[in-house]
1. Report, by residue number, each residue of the range 254-275 that is within 19 Å of residue 215 (Cα to Cα) and of a type in the set (S, T, N, Q).
2. In contact with a Lys or Arg (Cβ under 7 Å, 6 or more places away or on another chain) and over 25 Å from residue 125 (Cα atoms): is that true of residue 183 in this structure?
3. From 218, 130, which residue is of a type in the set (D, E, K, R), surrounded by fewer than 20 Cβ atoms within 10 Å (Cβ to Cβ) and more than 16 Å from residue 312 (Cβ to Cβ)?
4. Please determine whether any residue of the range 230-242 is surrounded by fewer than 20 Cβ atoms within 10 Å (Cβ to Cβ) and touching a residue at least 60 places away in the same chain (Cβ under 8 Å).
5. Please determine whether any residue of the range 216-228 is assigned to a helix (DSSP H, G or I), within 27 Å of residue 274 (Cα to Cα) and either of a type in the set (A, V, I, L, M) or in contact (Cβ under 8 Å) with a residue 40 or more places away in the chain (or both).
6. Check 316, 242 and return the single one that is on the phi > 0 side of the Ramachandran plot and part of a strand (DSSP E or B).
7. I need the full set of residues from the range 279-311 which are in contact with a helix residue (DSSP H, G or I) (Cβ under 9 Å, 6 or more places away or on another chain) and of a type in the set (A, V, I, L, M, F, W, C), in order please.
8. Consider only pairs whose beta carbons are under 9 Å apart and that are at least six residues apart or on different chains; among these, list those whose first residue lies in the range 126-138 and is under 17 Å from residue 246 (Cβ atoms) and whose second residue is surrounded by fewer than 12 Cβ atoms within 10 Å (Cβ to Cβ) and hydrophobic (A, V, I, L, M, F, W, C).
Amino acid sequence: MNRADVHPMTPARKLVVAVFAALLLLCPLVSVPSGAAASQQEKTLLLVSPAQEQQQSTLPGTKNAKHKQTHHKKKKKKKKKAKKPVVHQPTTTPPTPTPAPGEVLFDGSSPSSWYMNQSASPTRVATVSDPTGAPGSALQFTTLNGDVAPLTPTDNPRSQLDSQEVLRPGQEYWESFEVYLPASFPSSQPSNGFISLETAAYGEPFGGTPPACISIEDGDFRFQRNASAGYAVAWQEPIVKGQWVRFTWNFLFASNGWIQLYVNDQQVELADGNSQVSQLPMSMIDSTDSYGPWFADLQLYYQHNEFSSLTALFKGFRIATTQAAAEQ
């Protein structure tokens, strides 16, 4: 008897066989556990959700987890710190320092600022308006022929202001003042006498004419040296009336010092024997003023019986460390 006769292949059986064969082709061969273990495994497989399956695939120790960790580390290695932008500061040239204006050591604008008034009366020096009508004031000196000892220190009449004792040996100074001669001021001296206007530096023992003075003689402004230089005339120029004339000294205050003179802000040449020099070597400290302390003075001081009275005006007297400070 043929097997086909015992179990004939009905159409239904053929369909079942075909489906089973197809399943075998699609699914890998899996060993099927037996008994209760198989049943439990089937339950576990059936209860695992897609999300849990994803979580399990990333657990440490699994191939996928190791791959993701490695990938994360690679990202860390590739991460770089952002560079700070380079800020270029503009290049600037430092400003040229402005020279210091200097220091004013003494300002004689007011009569009260002077150390001493050696006039016959304090009223001989008065503060008045500028005679040219310009802003500011001036010091008007008036000296009478009778303003002599014991009213003043000498037998010759004077009105005089002594500065504070700011001069020190070995130092360089700038000293400036302006003088105004009114129209009534005499153009000459009857007996060729002197009129002293200013002394650059002086001190004890007051042993005669100071080393450097501005005076008027024979109708000229004059810088005439003292006995130690044979009364040599270093500079002279005709007087000017009715306008301000500025005189500025620059000197090294020492026994082996030097001096320069500016008239209306222009440096003048000074006689040194037969030569003309801009800086005259000379002793600013000699036997006439060797002791000190030292000061400068403004004065209207003349030879007794030369005039019944004289009037002159001064302003802008300063002792300073620079020309700019002295002439401000």
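The values are calculated or read from the model by the stated rules, or taken from the named source; none is laboratory data. It should be emphasised that the depicted structure is a prediction, and the values quoted were computed from it without experimental measurement. Backbone-built Cβ (ideal geometry, glycine too); neighbour counts: all protein chains shown.
1. Hits for the range 254-275 are 260, 264, 266, 267.
2. Numbers: in contact with a Lys or Arg (Cβ under 7 Å, 6 or more places away or on another chain): yes; over 25 Å from residue 125 (Cα atoms): no.
No; evaluated as a whole, the condition is false for this residue.
3. Values: 130 fails: more than 16 Å from residue 312 (Cβ to Cβ).
That would be 218, the only listed residue that is of a type in the set (D, E, K, R), surrounded by fewer than 20 Cβ atoms within 10 Å (Cβ to Cβ) and more than 16 Å from residue 312 (Cβ to Cβ).
4. Yes, that holds for at least one residue.
5. Scanning the range 216-228, I find at least one residue that is assigned to a helix (DSSP H, G or I), within 27 Å of residue 274 (Cα to Cα) and either of a type in the set (A, V, I, L, M) or in contact (Cβ under 8 Å) with a residue 40 or more places away in the chain (or both), so the answer is yes.
6. The match here is 316.
7. Result: 282, 300.
8. 137/128; 138/128
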